[in-house]
Amino acid sequence: MANRCVLYYITDRSQFPGNESARRSALLAKIAEGVEAGVDYIQLREKDLTARELETLAREAVTTVRESLLTTDHQPLTTRFLINSRTDIALAVGANGVHLRSDDVSPRDLRSVWTEAIARSAQPAAPTPHIAVSCHTAADVVRAESTGADFAVFAPVFEKKGGLPTGLGALREACKTKLPVFALGGVTLENASACLDAGAAGIAGIRLFQENKIELVVRTLRRGIGTERSLK
């Protein structure tokens, strides 16, 4: 199988213009664009929403992902849809997994909860979850690996609002484990290759995907990438 850079789109509807309805519509359109372009993971991160609002948006997003996977001409596609932190909502809407904060429950505990929930009822979610963990130091990545995460999202590499970025040196240290690490934080089409050279298995971003045509992002970042860091 051809090797490639893994791509992880994190949503933020607040970056789109208009009222709430317009922003949601724009976000769902961007999610469909990401699926059709072949993005590997999409994380719904809308942290300002109430649980009910997030669940409603998540259901719409899951439907968008599934319909896009069915109708696209670029088969086969395997975009996986994750919910930020809320395991209960991920299970309820049929998501593929969860993105955990660095101070969240452990991936091992999440897997147990997920397995028990699937066994108790006819949940629409995947039988086993894909679990990402936010990491800010190499020690965080080691902890994520030891507790059963599928991959780490390491940030902020180049940019942090109101703070200092970690830099490529810290990213390089974080990538020394066997756990795949995705670089996040000010990553652009111009500097993404430096993250991959530092050992990152993939690239994560918000503006990178929302401010560019995603097909262009996918084509640019996967061109000439010859070694895949395989995911679990």
Breaking point among (1) in contact (Cβ under 8 Å) with a residue 60 or more places away in the chain; (2) open to solvent by 10 Å² or more (accessible area, probe 1.4 Å), for GLY169: (1)
Run down GLU60, GLU33, GLU53, GLU67 and say which single residue is acidic (Asp, Glu), under 17 Å from the mean Cα position of the chain (by Cα) and surrounded by fewer than 21 Cβ atoms within 10 Å (Cβ to Cβ). GLU33
Examine segment 13-31 for a residue that is modelled with pLDDT of 95 or more, assigned to a loop (DSSP other than H, G, I, E, B) and in contact with a strand residue (DSSP E or B) (Cβ under 9 Å, 6 or more places away or on another chain), and state whether such a residue exists. no
Go through segment 96-122 residue by residue and tally those that are in a loop (DSSP other than H, G, I, E, B) and within 12 Å of the chain's Cα centre (by Cα). 1
Taking segment 89-117 only, how many residues are without any contact (Cβ under 8 Å) to a residue 24 or more places away in the chain, open to solvent by less than 80 Å² (accessible area, probe 1.4 Å) and not hydroxyl-bearing (Ser, Thr, Tyr)? 2
Report every pair of residues separated by at least 6 positions or lying on different chains whose Cβ atoms are under 6 Å apart, first residue within segment 189-205 and open to solvent by less than 20 Å² (accessible area, probe 1.4 Å), second basic (Lys, Arg) and assigned to a loop (DSSP other than H, G, I, E, B). ALA201/ARG229
Out of curiosity, is THR220 of a type outside the set (A, V, I, L, M), part of a loop (DSSP other than H, G, I, E, B), open to solvent by less than 60 Å² (accessible area, probe 1.4 Å) and at negative phi? no
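The values are calculated or read from the model by the stated rules, or taken from the named source; none is laboratory data. These numbers come from a predicted model, not from an experiment. A quick note on method: Cβ atoms are made from the backbone with ideal geometry, for glycine too, and the neighbour counts reach across all protein chains shown. For the accessible areas, the whole protein counts, side chains as well, though only heavy atoms, and no ligand, DNA or RNA atoms are used. Shrake-Rupley method; radii C 1.70, N 1.55, O 1.52, S 1.80 Å.
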